[in-house]
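Quick notes on the structure that follows.
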Amino acid sequence: MATSLASRDGTQARMKARVSFKIPVSQFEVKDDNKQTSDTGTLPARLSSSTGDVNKPFRLPVASSDNAQSQDDELFQQVTQTPKGNRNMAAMMQSTVKKRESKINSLTLISSMKLKANRARTAAASSRINFINFLSSDPKMRKRTSATAFLPKLKTYKFFKRFPERQRIDLLMLTSHTHVDGNTAVFEQGDLGDTFYIVLHGFCDVLVQQGDKGRERVATVQPGEGFGELALHDENSKRNATVIASSGGADLMCVSKQVSQQ
């Protein structure tokens, strides 16, 4: 019995000798409130320095509710009290996008309007060219169906409004076209007249002799308007003014006295 007790005591002594060693810690970081330090030592020493007592259980520090609330308040102030800063960034970007979209829409509308205007001018020029080609053709080769296609255009000319549709076609079958270069006289004051003219394209200036003062411009004939109509009504009528085509020239429809009397 004594032998077994002695043997047990020896075994316990050896076990205590084996476990009673110090645990080395090469890099054990101890966090302080203001700084971080690196130190070496034993685990009991580190626990003693950090907790104050080795026997007391070690607990991580927990932030109080007051500290958490103060951090939330500070973050809220940073977001809401930044003048014209982050809290307005989304509104500013949205406003910029709207302005760009508005500018793009305006440019698109302007481009569309310009495109429509160009198409209208092209269509008008094409219609005028076709009309001039028809008037320049041989009257004997013209077809009434072709003349009928130009009736809407004739309605814009004051001279043709007095005639019914059938007579408009008859006149159109017999009228002709002439081109007058710029700054060239269609006729001079005092000339005998036998033709009435309608301006299809360009302008014509009407000049009247004013004694020794020379000729004075009294009117400008625009497209769709006519001049020289007195020659269709009076025998041996003389021109009471000089008509000169503008600098760009003029295309004229010619209605002779013989045609108007038919």
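The values are calculated or read from the model by the stated rules, or taken from the named source; none is laboratory data. Since this is a predicted model, take the numbers as computed values, not measurements. Heads up, the Cβs are rebuilt from the backbone with ideal geometry, glycines too, and the neighbour counts pull from every protein chain shown. These accessible areas exclude ligands, DNA and RNA; they are computed on the full protein's heavy atoms, side chains included. Shrake-Rupley method; radii C 1.70, N 1.55, O 1.52, S 1.80 Å.
The orientation-averaged shadow of the Cα convex hull for the range 123-184, equal to a quarter of the hull surface, comes to 5.0 nm². Under a 5 Å amide H cut-off, with hydrogens placed 1.01 Å from N, Val186 pairs with Val243, Ile244, Ala245 among residues at least 5 apart or on other chains.
If R0 is 30 Å, what FRET efficiency do you get for Asp191 and Asp138 from their C-beta distance, rounded to 0.05? The computed FRET efficiency comes out at 0.65.
Under the classification rounded if a/c is under 1.5, otherwise prolate if a/b is larger than b/c and oblate if not, where does the range 125-262 fall, given a ≥ b ≥ c as square roots of the Cα gyration tensor eigenvalues? Verdict is prolate for the range 125-262. Ligands, DNA and RNA left out, the accessible area of the range 159-262 computed with a 1.4 Å probe is 43% carbon and sulfur. Peptides 91-97, 194-200 ranked from most to least packed by the mean count of surrounding Cβ atoms within 10 Å: 194-200, 91-97. If you plug the beta carbon distance of Asp212 and Asp234 into 1/(1 + (r/R0)^6) with R0 = 30 Å, you get a FRET efficiency near 0.60. Solvent-accessible surface of the range 169-262, taken per residue with a 1.4 Å probe and all protein chains present: 52 Å².
Shown is the FRET efficiency for Ser112 and Arg166, computed with R0 = 35 Å from the Cβ-Cβ distance and rounded to the nearest 0.05: 0.25. Dipole size of the range 217-262 about its Cα centre, with +1 on Lys/Arg Cβ and -1 on Asp/Glu Cβ: approximately 160 debye, rounded to the nearest 20.
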